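Reading through the C-alpha cells given below for one structure.
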C-alpha cells in the first residue's frame, strides 16, 4: 500500500484523492485572486462522480461571480481545515466526554482504554468524513485474528454510537459503522459448570457443612447456596 495519497483527475480541477488507508475524497483545485486553492467536496462513495461534477459546476459559477472567498460557506459544507480537525480520535473523545457523566468511572475508563489500544493507533488521524466501512472492518478483523472477539464486538458498538454522534453534530451524513453489523465473528460463549443433579447438590451441601478450613472461607461457602452468587 502506498504511504502517500494518489490523485485521479476528472477535469476542470476536480480530482479524487485516494488516501493510503483506502478512503477517497473529492476535491476541486481552483485559482482565486492569483492564488491556488483547494475545495473539499465530499467523500466517495457517499458523494458520487455525478454529484461531485454538479458541485464543481456550482463552485465554478460562484467563482465566476467573484465569490471565491465564500464558496465553501455558500455551498454549506465544512472547510478543509475543519475536516482535518474532525478526526476519528477527536470525535471519539468528544463522544466519550459527552457520555461519561452517565457512566460509572470504571466503565468510562474501560471504554476509552479499549479505543486507545485497538483503534487510535491505526485510525486516530483519519478525518471522520473519509473513514469507510472497509477501513473499520480491517481494524476489527485485527482483533479477531488474535481471538479478541468480544473486544471487537464492543468496539463496533462504540463506533456505531460515535458515528451516530457525528451525524447529530453534522460531521458525517451516514453511519457507516452500522453497515458492519453481523460482519464480525460472534464471541464464543463459555458456559460455567453447574450442579443440576439433586443428589450431587445434596452432597455439595453436606461437604460445605463438613468443611473445616478458615472461618472466612466457611462463611463464604455457607452463604453461597443462599445467595445464588453470580460469577462476577
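The values are calculated or read from the model by the stated rules, or taken from the named source; none is laboratory data. Predicted model, so just to flag it, every value in this text is computed and none were measured. Reconstructed Cβ throughout: ideal geometry from the backbone, glycine too, with neighbour counts over all protein chains shown.
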Reported set for region 17-38 where residues are farther than 18 Å from residue 173 by Cβ and in a strand (DSSP E or B) is 17, 18, 28, 29, 30, 31, 32, 35, 36, 37, 38
Residues being touching a strand residue (DSSP E or B) at 6+ places or on another chain (Cβ under 9 Å) and in contact (Cβ under 8 Å) with a residue 12 or more places away in the chain - total across region 33-57: 15
Residue under question is residue 154, and the condition is that it be more than 26 Å from residue 26 (Cα to Cα), out of contact with any helix residue (DSSP H, G or I) (no Cβ under 6 Å at 6 or more places or on another chain) and surrounded by 15 or more Cβ atoms within 10 Å (Cβ to Cβ); does it hold? yes
Residue pairs within 6 Å by beta carbon, gap of at least six or interchain, first lying in region 178-203 and at pLDDT 70 or above, second in a loop (DSSP other than H, G, I, E, B), listed first then second, are 201/195
Might you check whether a residue that is in the same structural domain as residue 29 (by TED's automatic domain parsing), modelled with pLDDT of 80 or more and in a helix (DSSP H, G or I) occurs anywhere in region 62-83? no
Those residues of region 113-131 that are in contact (Cβ under 8 Å) with a residue 12 or more places away in the chain and more than 22 Å from residue 186 (Cα to Cα) come to a total of 11
When you look at residue 143, is it over 13 Å from the mean Cα position of the chain (by Cα), surrounded by 19 or more Cβ atoms within 10 Å (Cβ to Cβ) and closer than 16 Å to residue 181 by Cα, yes or no? yes
